[in-house]
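Inspection log for the structure reproduced underneath, given as structure tokens.
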Amino acid sequence: MRILFAGGGTAGHINPALSIAAYAKSVDEKCEILFIGKKGNMEETLVPKAGFDIKFIDIEGFKRSLTLKNVKVILKTIRAISESKKIIKSFKPDVVICTGGYVSGPVMSAAAALKIPSIIHEQNVFAGVTVKLSQKYATYIATSFEKTREYLKAKDKCVFTGNPVREEILCADKDVSRAALGLDNRPFVLCFGGSLGAKRINDTAVDYIQRLSKEDKIQFMFGTGKRNYDEVMSDIKKRGIDLHEHKNIRVCDYIYDMDKALSAADVVIGRAGAISISEICALGKASILIPSPNVAHNHQYTNAKALVDNGAAIMITEDELDADVLEKKLESLIYDKEKIAILEENAKKIGTKDASKKIYELASGIVSK
């Protein structure tokens, strides 16, 4: 089987595609896979790092406000559809699988024009613009939440699969990961604001790092997001914190070995994006979720609340977030093994581990018809 994947912009769109692609290769080593993405986006790094080939189209997303820039975007989209058609004709895929982001739109349109069957996956409860616009082209719409069907016109195409989680995360062992990361017996906290970073979380994390640098009681790994790394490191330096002297504090732009970091963590602090939540729940991790208020339909709050309502996470809204609140919430949890165990158990109940398999089987079913 030949599968063409498209999706990009953030790790939340790329990692599901990588998960499905890895599963496909594990089931059928002869399966041929190609990705389509945009240069300068995270897929340019993440896809080759995972061992897959990628081609690029020139595309950008529409601005939400009325602006003349959208005329330029329309022209780019038309060209991107033409570019996608050329890639499809050259690669000759049996099926196209898209995982969201504005890269997916032209690819879905091109696939439909060339009569190639396709699947588009939606990670969140509320479908994004690309999925809404592409639903008419799709053979199937794979959803991560049953409720998503209610927000789409093409309800008969919806198939609940859950969110794909990378195999390396599913198979990660806490003790092995802690040893690989050189961690000792002190509690280990993983903190990140998503693949692109989040300024409010970054500012709060730096404030907390300043407090943490005065006593080495917790091991703390902080992913700033690539675009914020230099600013964060400059802030840390201005505060007189020498990270070489504090081996318990690690700051990086992007956490490439998320499988190790996540499985090793006693508590995870981060956004409530669908993929992050899926990975947290699949591994059964205690978490403090800080939903982004800057997303459509406030869907991260909805994601986080679903966990909180099921006793699977603690939530801090961004308007109440500061170092005092974070420290209080974290320290009330990190030393309470019973409370951590309850959150872990409830998170596991919510988690799904076979989404990649379900989506691959949908694709196989299409091809075999």
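May I ask for the angle, rounded to the nearest 10°, between helix 69-91 and the longest principal axis of the chain, with both axes built from Cα atoms and the value confined to 0 to 90°? So the inclination is approximately 70 degrees. Ordering of 123-136, 96-109 by packing is 96-109, 123-136, highest average first (other Cβ atoms within 10 Å, averaged per residue). Using C-alpha pairs below 8 Å separated by at least 6 residues, the relative contact order for the range 206-305 is 22 percent. Normalised by the number of residues in the range 88-235, the mean separation of alpha-carbon contacts (under 8 Å, six or more apart) gives a relative contact order of 15 percent. Extension gain, GLU361-LEU243: 0.36 nm per intervening residue step, less the Cα-Cα distance, totals 37.7 nm.
Compute the helix-to-body angle for 274-283: its Cα long axis versus the longest principal axis of the chain, expressed 0 to 90° and rounded to tens. Once rounded, the angle reads 60 degrees. Ranking PRO48, ALA22, GLY37 by Cα position along the charge dipole of the range 17-57, where only Lys, Arg, Asp and Glu carry charges on their C-beta atoms, puts GLY37 farthest toward the positive end. So which of LYS25/LYS157; LYS55/LYS136; LYS55/LYS86; LYS217/LYS247; LYS89/LYS115 end up more than 18 Å apart, counting from Cα to Cα? Violating the 18 Å Cα-Cα cut-off are LYS25/LYS157; LYS55/LYS136.
Multiplying the residue separation of LYS155 and LEU133 by 0.36 nm and removing their Cα-Cα distance gives an extension gain of 6.5 nm. The peptide list 242-253, 269-280, put in order of mean Cβ contacts within 10 Å with the highest first, becomes 269-280, 242-253. Beyond 26 Å in Cα-Cα separation lie the following of the pairs LYS174/LYS357; LYS226/LYS260; LYS305/LYS348; LYS260/LYS349; LYS199/LYS349; LYS147/LYS349: LYS199/LYS349. Its relative contact order, with pairs defined as Cα atoms under 8 Å and 6+ residues apart, puts the chain at 16 percent. Taking springs between alpha-carbon atoms closer than 10 angstrom, which of TYR301, TYR335, TYR137 fluctuates most in the Gaussian network model of the chain? Its mean-square fluctuation being the largest, the pick is TYR335. The C-alpha atoms of the chain occupy a region whose extents along the principal axes are 62, 43, 37 Å, arranged from largest to smallest. Relative to the longest principal axis of the Cα atoms of the chain, the long axis of helix 337-350 makes an angle of roughly 10 degrees. Each peptide in 223-230, 327-334 was scored by the mean count of other Cβ atoms within 10 Å over its residues; highest first, the order is 223-230, 327-334.
Computed in the context of the full set of protein chains, the accessible area of the chain at 1.4 Å probe radius has 51% of its extent on carbon or sulfur.
Straightening the chain between LYS89 and ASP58 buys 9.4 nm, computed as 0.36 nm per residue apart minus the Cα-Cα spacing.
The values are calculated or read from the model by the stated rules, or taken from the named source; none is laboratory data. All values reported here derive from a predicted model rather than from experimental measurement. Ideal geometry is used to build each Cβ from the backbone, glycine not excepted, and the neighbour counts take in all protein chains shown. Just the protein is used for accessible areas: all its heavy atoms, side chains included, with ligands, DNA and RNA removed. Shrake-Rupley method; radii C 1.70, N 1.55, O 1.52, S 1.80 Å.
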